[in-house]
1. For helix 183-198, report the angle its Cα long axis makes with the longest principal axis of the Cα atoms of the chain; keep it between 0 and 90° and round to the nearest 10°.
2. List the lysines whose Cα sits under 25 Å from the Cα of K168, skipping any in the same chain fewer than 8 residues away.
3. Could you line up D224, D67, D132 from fewest to most neighbouring Cβ atoms inside 10 Å?
4. Using the count of nearby Cβ atoms within 10 Å as a rough guide to exposure, how do R215, R227 rank from fewest to most?
5. Could you tell me what percent of the DSSP beta bridges with both partners in the chain are antiparallel, to the nearest 5?
6. When DSSP assigns beta bridges and you keep just the ones with both residues in the stretch 162-253, what percent turn out antiparallel, to the nearest 5?
7. What ranking of T4, T82 emerges when the number of other C-beta atoms within 10 Å of each C-beta is taken as an exposure proxy, fewest first?
8. Given the rule -39500 (n - 2.57) for each run of at least 4 DSSP H residues, summed and divided by the residues of the chain, what is its mean residue ellipticity at 222 nm, to the nearest 500 deg cm²/dmol?
Amino acid sequence: MTLTVRDITKSWGGFRALDGVSFSMESSGLLGIIGPNGAGKSTLFSVVSGFIGADAGSVSLGGAAFDRMGPAARARAGMVRTFQVPREFHHLTVRENLMAAAPGQSGEGLVGLFLRPGRVRAEEVAIRAEADATIDFLRLAPVADTPAGRLSGGQKKLVELGRALMAKPRLILLDEPFAGVNPVLIAEIAERIAVLNARGIGFLVIEHDLDALSRLVPRLVVMDRGRVLAEGAPTQVLLDPAVREAYLGGVAA
Ligand code: ADP
Ligand code: MG
């Protein structure tokens with residue numbers, strides 16, 4: 001299945017944050033998006049994930065047009081995102097955060113609880129088991145009962161990834177998964193992403209940390225001022241003079 005992003009344009013006020021952005025990827029693949037601050041990366045993510053509407057252009061997955069679908073419908077179709085600033089519920093524990101991210105709970109709302117208490121209970125048991133399996137996979141078991149607000153930056157990123165995994169997506173959009181994370185945890189997050197990718201889950205990753213991203217993904221899209229500047233293997237695009245000029249200010253990498 002292919003994620004196709006075609007000719008996306010988006011202005012904030014009079015400012016063109018996205019100016020005809022196109023790219024595509026296999027939903028089971030691993031694609032990185034880099035670019036200097038203000039290039040439009042987060043805006044692109046919001047458009048692709050359905051949190052904001054584009055002025056023009058289209059997004060589709062496996063031929064299904066996403067343009068009229070909100071984030072929840074896109075998540076049901078297999079694509080979820082994380083945020084640059086983690087949006088965990090800081091007063092809830094890690095396990096509660098993951099359980100709250102499970103989709104389609106019939107216990108949502110009091111009516112469901114009164115009408116189908118047995119079913120709600122069975123569902124909760126299943127969701128709890130799923131959350132614990134995900135917590136184990138992400139090696140968060142020691143902090144499963146810790147309020148998310150007390151975790152380190154890197155652990156919060158793992159909780160974000162865990163919340164995304166609870167939707168059982170085929171494709172996950174990660175906005176700066178390594179930002180504010182210590183090098184040891186960066187390596188660990190990257191390794192978990194690689195394992196998930198080997199299991200068939202695709203990742204579209206925005207990242208500022210060029211080194212970590214270049215090691216993780218086989219292909220990069222470079223953005224600058226709302227446009228795609230270059231695309232290709234990390235070693236190839238990072239040697240591109242236009243990329244060095246825009247992204248690295250012309251200095252040697
Ligand atoms: P990046 O993630 O690459 O740093 P962004 O997509 O966050 O870039 O921002 C691209 C441009 O759009 C920036 O100039 C930013 O100030 C502007 N921008 C982003 N979000 C908004 C918003 N909600 N309202 C107005 N301007 C915005
Ligand atoms: Mg951003």
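Throughout, read-outs are computed from the coordinates displayed, never taken from laboratory work. A quick note: this is a predicted structure, and the numbers were derived from the prediction, not measured. Don't worry about glycine lacking a Cβ; one is built from the backbone with ideal geometry, like all the others, and counts go over all protein chains shown.
1. Its long axis makes an angle of about 80 degrees.
2. K41, K156, K157
3. D67, D132, D224
4. Least to most surrounded, the residues fall as R215, R227.
5. Bridges in the chain are about 60 percent antiparallel.
6. Beta bridges within the stretch 162-253, antiparallel portion: roughly 50 percent.
7. T4, T82
8. On the way: 10 runs with 96 residues, N = 253.
Here the helix-only value at 222 nm equals -11000 deg cm²/dmol.
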